[in-house]
Amino acid sequence: MPDYGLKDQVAVVTGSTSGIGQAMAEALAAEGVNVVLNGFGDAAKIEAERAAMEARFGVRVLYHGADMTKPGEIADMVAVAQREFGRLDILINNAGIQHVAPIEDFPIDKWDAIIAINLTSAFHATRAAIPIMKAQGRGRIVNLASAHGLVASPFKSAYVAAKHGIVGFTKSAALELARSGVTVNAICPGYVKTPLVEAQIADQAKARGIAPDRVIEEVILAAQPNKSFVEYPHLAGLLLYLVSDMGASTTGAALSVDGGWTAA
Ligand code: NAD
């Protein structure tokens, strides 16, 4: 493994009590990065995970419960990171939710929540992080977009709109920050078997009256040419490259990790 040179840096990872965010937080902690965890879940489980990360990786790990629909709480999370650690090197905008329905039946509150959590929260967190990173002369912002930030699927209008939006936001932020030492990039994964996707498999199996295995093969991985789920290390490898000095010239990019999905 290369030395990514990240020891003693500080990262905020939104939505890191589960799935991709948790895996990315652990990948950073394994490189010596102090981490602020965020997300919902059982308080005792979150505390156990926080303490386990500290013990396993020998870094400091804090938890901040900011709700990604609340701009003031998001700003506070970034302020707490800077206050507690004295710096902020890496911001991973990862929190996200999904809802699947035809547009004419799409619940308005679900549309609003998806846009708020999957898109607008990244604006609020980035807005708060930029002055800190600019003052440091270096920073790394990575947005978890999706293959759905580049192509669409039916019945996921809010998610596809939010993910296309986050790709556009990534490009705009990268141009604004191009001479500041701060890079901004989007990672666009195909399907990763997280709790978010497990729930989709169960829902689709019920809706279609078929077994979960058939849903995986015929529905979930239908668009993914390699017919394999993306695994956490495949994302962590790209993340570590982007946040290290090796990633200094990569900014404004939407990088696919999708088994060929968006090549088709
Ligand atoms: P997940 O459901 O496992 O985790 C989502 C995280 O976001 C959790 O920690 C949850 O508590 C947090 N969260 C949700 N609402 C929140 C809120 N209002 N405030 C704070 N935290 C909140 O999901 P995941 O599959 O790990 O997805 C993570 C990101 O990756 C999302 O942006 C998702 O769109 C994206 N993504 C996932 C896949 C996939 O196949 N799983 C593919 C492409 C992109």
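Quick note: the coordinates plus some simple rules give every number you see, no bench work behind them. Here the structure is a predicted model, which means the values were calculated and not measured. Cβ sites come from the backbone with ideal geometry, for glycine too, and all protein chains shown count toward neighbours.
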To the nearest 20 Debye, how big is the dipole of the chain about its Cα centre, given +1 on the beta carbon of each Lys and Arg and -1 on that of each Asp and Glu?
520
Report, to the nearest 10°, how far helix 195-208 tilts away from the longest principal axis of the Cα atoms in the chain, using its own Cα long axis and a range of 0 to 90°.
10
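If you wrap a convex hull around the C-alpha atoms of the stretch 133-173 and split its volume per residue, what is the figure in Å³?
Details: hull volume 2.5 nm³, N = 41.
Dividing the Cα hull volume of the stretch 133-173 by its residue count gives 62 Å³.
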Seen from all sides and averaged, what is the projected area of the convex hull of the Cα atoms in the chain, in nm²?
13.9
Do any chymotrypsin sites (Phe, Trp or Tyr not before Pro) in the stretch 130-194 lie in a DSSP loop with no more than 16 other beta carbon atoms within 10 Å, and if so, which?
Phe155
Nearest-ten-degree value, helix 71-85 long axis tilted from longest Cα axis of the chain:
40
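Quickly rank 89-95, 236-242 as a protection proxy: mean count of other C-beta atoms within 10 Å, highest first.
Details: 89-95: 27.4, 236-242: 20.0.
Sorting 89-95, 236-242 by mean packing, highest first, produces 89-95, 236-242.
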Label point distance in nm, Leu196-Phe123, each placed 7 Å from Cα along Cα→Cβ
1.9
Gain on full stretching of the segment that runs from Thr69 to Met246 - 0.36 nm per residue minus C-alpha separation:
60.4 nm
Using the structure shown, list the pairs from Lys171/Lys206; Lys134/Lys227; Lys134/Lys163; Lys7/Lys171; Lys45/Lys70 with a Cα-Cα distance above 31 Å, or answer none.
Lys171/Lys206; Lys134/Lys227
Return the lysines within reach of Lys156: Cα separation strictly under 16 angstrom, same-chain partners fewer than 8 residues apart disregarded; answer none if there are no such residues.
Lys110
Highest to lowest packing among 124-135, 53-64, 143-154, scored as the average C-beta count within 10 Å
143-154, 124-135, 53-64
With unit charges on the beta carbons (Lys and Arg positive, Asp and Glu negative) and the dipole taken about the Cα centre of the chain, which residue among Thr69, Ala135, Asn185 sits farthest to the positive side?
Ala135
What is the Cα coordinate range of the stretch 96-144 on the first, second and third principal axes, sorted by size from largest, in whole angstrom?
47, 15, 11
Run a plain Debye calculation on the stretch 143-202 (Cα atoms as equal point scatterers, no solvent) and give log10 I(q)/I(0) at q = 0.18, 0.23, 0.25, 0.27 Å⁻¹, rounded to two decimals, same order as the q list.
-0.67, -0.92, -1.01, -1.09
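If you average the sequence gap of Cα pairs under 8 Å that are 6 or more apart and divide by the length of the chain, what percent do you get for the contact order?
19
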With everything on Cα atoms, drop me the angle between helix 43-57 and the longest principal axis of the chain, reported from 0 to 90° to the nearest 10.
60
